[in-house]
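Down below is the structure, laid out as structure tokens.
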Amino acid sequence: MASDLEQLESSRRSFVANVSHELKTPMTTIGGFIDGMLDGTIPPEKQSYYLSTVSSEIKRLSRMVVSMLNLSKIEAGQLDLKFAPVDVQSLLIESTLNFEKQIE
């Protein structure tokens, strides 16, 4: 029993650390790009590109928050899962574009 509780606590800590990292990464990107626009590091002619990235990161954060809320509802038995088709190609393209933007 004690071992099970220790394992559960270890899993909880790992989960919190992972979620924190997943939230911090887009927040860092958003903050850096906005600071760059405000302080003039990012020239006006490139701001549209960076604002597009900021918008994508905000949408990603929103999806993460919704996923976390849904996970909580699933655990409480308040949400039924429904299977739906997924456009894997679009998902991969979006992921690739996000990585390309982060590399630049």
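Side notes on the structure shown:
- Matching residues in the stretch 25-57 - criterion: being surrounded by 11 or more Cβ atoms within 10 Å (Cβ to Cβ) and of a type in the set (D, E, K, R): ASP35, LYS46, GLU57
- Of the residues examined, VAL66 is one that is out of contact with any Pro (no Cβ under 8 Å at 6 or more places or on another chain), closer than 26 Å to ASN18 by Cα and exposed (fewer than 11 other Cβ atoms within 10 Å of the Cβ).
- Scanning the stretch 20-45 for residues that are touching a helix residue (DSSP H, G or I) at 6+ places or on another chain (Cβ under 7 Å) and touching a residue at least 24 places away in the same chain (Cβ under 8 Å) gives GLU22, LEU23, PRO26, THR29, ILE30.
- In the stretch 67-75 there is no residue that is at pLDDT below 90 and not in a helix (DSSP H, G or I).
- Residue in the stretch 80-87 that is assigned to a helix (DSSP H, G or I) and at negative phi present: no
- Some residue of the stretch 23-32 being farther than 18 Å from ILE103 by Cα and either at pLDDT below 90 or not in a helix (DSSP H, G or I) (or both): yes
- The one condition in (1) surrounded by 13 or more Cβ atoms within 10 Å (Cβ to Cβ); (2) more than 15 Å from ASN98 (Cα to Cα); (3) among the basic types (Lys, Arg) that ARG60 fails to fulfil: (2)
- Check on GLY36, at pLDDT 95 or above and either under 19 Å from ASN98 (Cβ atoms) or among the charged types (D, E, K, R) (or both): yes
The values are calculated or read from the model by the stated rules, or taken from the named source; none is laboratory data. None of these values were measured; they are calculated from a predicted model. Please note: Cβ atoms are built from the backbone with ideal geometry, for glycine as well, and neighbour counts cover all protein chains shown.
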